Amino acid sequence: MSDPRVLPFDTDALIQLFLTATQTRSLLPLRTLRDEYGIQPAIVAEVEVELASHRKYGAKVAPEFRKALGNGTLEILDIGAMSKYVPSALAKGVFATSQSLGRRYALIVGRGEAYTHAAAVTLDVPAVSNDVSALRALDFHGHQVPSPVLRVFDLFAFALQTGALDVRDCDAARKELLGRNEHIPRAFQHAAFIDGMKSFCPRILDGAKSVVGIEPVPGPGYMTQIQVWKK
Amino acid sequence: MLNAILEATGVDAQTCARLLGISPTVFGEWTAEQRNIPESYALLLADVLGVDPAVIRMSSKQAHRAGDLTPAIWYKFRGDELIDADRECVLLIRQLGHYQSEIEEVTGKKAVGWRPLFEAIRQGTDAQAAPSEQGRRAARMFRESTGLSQCATGIGEVFRGNLRRLGVLVIESPIPGSRVEGCCFYVGAHPMERPCVFANLYQSTWFRRNVVLLHEVAHAIFDAPSVAATLDFLESNGTADVSEQRAQSFALEALLPKEVLHNLAQSRGIKWDRMSPTEMAYLVADTHVEQRAVARAAVAAGFVPPEQEAALRSLDISGTLRSISERALTTAEYVGSQAPEVKQRQMLGKRTTTIPSRTIRLPIPYVRNVIEALRDQVISRGRAAELLMIDDHELDSRFRELVSASVDE
């Protein structure tokens, strides 16, 4: 698989990233993906609405969200943006396909995750989402899901591997999420970040650097591990 | 265009945003046409407001006659007798109707039995007959077609389930301060619309609501398809109106046919001309119908002369009724009194919405469908929260045992 050029994020994953923006030096993992690997973090319009409407964290993450949109760390995946990732003559049709798929997915999973996964499947790129129940439900109905689907901790592990963040940053982010009763992978629930990595298999790695975490085991497509290379 | 449609509904943009759990700022940008409405939200708004999705996304420059596009239902809900809470509740119920159709589609449990049944009842009713006779005849057909005619006692415990199996949306939720006792309208996008009957729980009894709900069913059969919505207010007579007379007669006959009333009275050894308060309490408990309806049915059946109806209605049965029927308890008392394994008890405190600025109590079968779909991995955790109109954290705390495995390990 060639390096993806865009990476759609689901609402829950994005909220976790914004909640840990201080610990991750203002979303350094996302900026690293964009600036060094040419992978543009993006959201669909539904996620933008969900984020702004989020009762618990909407107001809290709003400044960081505006900043990320303003400086291009994040982009809205509309027809215009789509034309950067497919031939511009096809952009309208690809966007319509993505919307149509999103409509079908939205019967099964939440609006944000439906249109996020639909966009990722249509563009054949990974997505970022923590909710495995959405993937299982889509799979139950025979729908295609993105491959792989990254978790927020995959981005932390990636940032650690690439040197964008150090172990203290990653552990501070872990503690921040735990302190807010956010769901985090079991490997990190009772272990410091560096210890958790001993039983965690990251789904995105820099192919040119030493591997972190454990070896991948056979599993569904959304658990696939991909390697990316600097531009 | 959205703004023009909202004006016609009588629900302002900020309120609509808060009811649907959408940021008022974002919603304001939609109504000001500063930002496109994402497709999924356009579909939801279209269903809730009752217009075509294309109309929702139309700019005000493209459409000159917003009034022509305003669904009739909202004209009905702009009357002086209605308060903001009524309109807001209707909007939420329409959202629930949208979700109900979606969960049925995804679980393959689409119920459309109401359509042929209602059509058969309309066809089998002589429109030239007296309204009360139309109602009685329709009620007999309704009882026969739904298996309720087999019941030798009250049908209050079973008719809600029968209606839901037919695909009718049955909602009982409190609207404090409202004068609306019941209403009926259709929800969902054409041609997949379904009838919804609503009874206001506020300061109402279960026995009264049985009458109200079946009264609304009659409106759903005969009136709502053509007039968009019907409304019934507390302490209104409304008997001069053909549709009201027919609905009243339908409810009474559906709940309390002459033979059932006769059998129940006979089995209790009740003498109609010297009925005691205790005997009346037992009749109410057995028939599942409020006291004044029992008195009216007794007169209609010829068991007592009309001049005795007032005496029957004034018998003091409240104390006795509470001691012999758990249905005389409040909803919370009743559900709390059930055994822990009873499904209704398991749903205690888990049916109230938290996302909309005004709460409604969701029907137990609907909540159960959503939770079963989540448990069976047919829908995701986020979708279950959306359908129950609560946030993810609330879903976790209400149904912890089902959502523990939703995090990707």
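Key figures for this structure:
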{"item": "Subset of the range B:120-175 (residues that are closer than 30 Å to B:ALA332 by Cα, part of a loop (DSSP other than H, G, I, E, B) and either of a type in the set (A, V, I, L, M) or over 16 Å from the mean Cα position of the chain (by Cα) (or both))", "result": "B:THR146, B:GLY147, B:CYS151, B:ALA152, B:THR153, B:GLY154, B:ILE155, B:VAL158, B:VAL168, B:ILE175"}
{"item": "Residue check, A:SER147 within 30 Å of B:VAL370 (Cα to Cα), in contact with a Pro (Cβ under 9 Å, 6 or more places away or on another chain), buried (at least 19 other Cβ atoms within 10 Å of the Cβ) and more than 11 Å from chain B (Cβ to nearest Cβ)", "result": "yes"}
{"item": "Failed condition for B:ALA385, given (1) crowded, with 21+ Cβ neighbours inside 10 Å; (2) at pLDDT 90 or above; (3) over 25 Å from the mean Cα position of the chain (by Cα)", "result": "(3)"}
{"item": "Given (1) within 10 Å of chain B (Cβ to nearest Cβ); (2) under 16 Å from the mean Cα position of the chain (by Cα); (3) acidic (Asp, Glu); (4) surrounded by fewer than 23 Cβ atoms within 10 Å (Cβ to Cβ), number of the condition A:ASP124 does not satisfy", "result": "(1)"}
{"item": "Enumeration of residues in the range A:48-68 that are within 13 Å of chain B (Cβ to nearest Cβ) and part of a helix (DSSP H, G or I)", "result": "A:GLU48, A:VAL49, A:GLU50, A:LEU51, A:ALA52, A:SER53, A:GLY58, A:ALA59, A:VAL61, A:ALA62, A:PHE65, A:ARG66"}
{"item": "Search result, residues across the range A:104-135 that are within 25 Å of B:LEU388 (Cβ to Cβ), at pLDDT 95 or above and in a helix (DSSP H, G or I)", "result": "A:ARG104, A:TYR105, A:ARG111, A:GLY112, A:GLU113, A:ALA114, A:TYR115, A:THR116, A:HIS117, A:ALA118, A:ALA134, A:LEU135"}
{"item": "All positions within the range B:265-277 that are surrounded by 12 or more Cβ atoms within 10 Å (Cβ to Cβ) and under 19 Å from B:PRO305 (Cα atoms)", "result": "B:ALA265, B:ILE270, B:TRP272, B:MET275, B:SER276, B:PRO277"}
{"item": "Any hit, the range B:233-254, residues being closer than 20 Å to B:TRP114 by Cα, touching a Pro at 6+ places or on another chain (Cβ under 6 Å), part of a helix (DSSP H, G or I) and touching a residue at least 60 places away in the same chain (Cβ under 8 Å)", "result": "yes"}
{"item": "Of all residues in the range B:388-409 being within 9 Å of chain A (Cβ to nearest Cβ) and surrounded by fewer than 20 Cβ atoms within 10 Å (Cβ to Cβ), the one that is modelled with the lowest pLDDT", "result": "B:ALA405"}
{"item": "Of the criteria (1) farther than 24 Å from A:ALA21 by Cβ; (2) among the hydrophobic types (A, V, I, L, M, F, W, C); (3) in contact (Cβ under 8 Å) with a residue 12 or more places away in the chain; (4) within 11 Å of chain B (Cβ to nearest Cβ), which one A:PHE188 fails", "result": "(1)"}
{"item": "Verdict on B:GLU172 being among the acidic types (Asp, Glu), buried (at least 18 other Cβ atoms within 10 Å of the Cβ) and in contact with a Leu (Cβ under 9 Å, 6 or more places away or on another chain)", "result": "yes"}
{"item": "Single unsatisfied condition, A:ARG31 versus (1) part of a helix (DSSP H, G or I); (2) within 25 Å of B:MET389 (Cα to Cα)", "result": "(2)"}
{"item": "Output for the range B:102-123, where each listed residue is of a type in the set (D, E, K, R) and out of contact with any Lys or Arg (no Cβ under 8 Å at 6 or more places or on another chain)", "result": "B:GLU102, B:GLU105, B:LYS109, B:LYS110, B:ARG115, B:GLU119, B:ARG122"}
{"item": "Qualifying residue in the range B:40-54 (condition: modelled with pLDDT under 85 and either over 30 Å from B:LEU163 (Cα atoms) or within 20 Å of the chain's Cα centre (by Cα) (or both))", "result": "yes"}
{"item": "Residues that are more than 20 Å from the chain's Cα centre (by Cα) and without any contact (Cβ under 8 Å) to a residue 24 or more places away in the chain, drawn from the range B:330-364", "result": "B:GLU333, B:GLY336, B:SER337, B:GLN338, B:ALA339, B:PRO340, B:GLU341, B:VAL342, B:ARG345, B:GLN346"}
{"item": "Qualifying positions in the range B:28-55 - assigned to a helix (DSSP H, G or I) and at the interface with chain A (Cβ under 9 Å from one of its Cβ atoms)", "result": "B:GLU39, B:SER40, B:TYR41, B:LEU43, B:LEU44"}
{"item": "Residue within the range B:335-350 that is more than 30 Å from B:ALA384 (Cβ to Cβ) and not in a loop (DSSP other than H, G, I, E, B) present", "result": "no"}
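The values are calculated or read from the model by the stated rules, or taken from the named source; none is laboratory data. All values derive from a computational prediction rather than experimental measurement. Note that we place each Cβ from the backbone using ideal geometry, even for glycine, and neighbour counts take in every protein chain shown.
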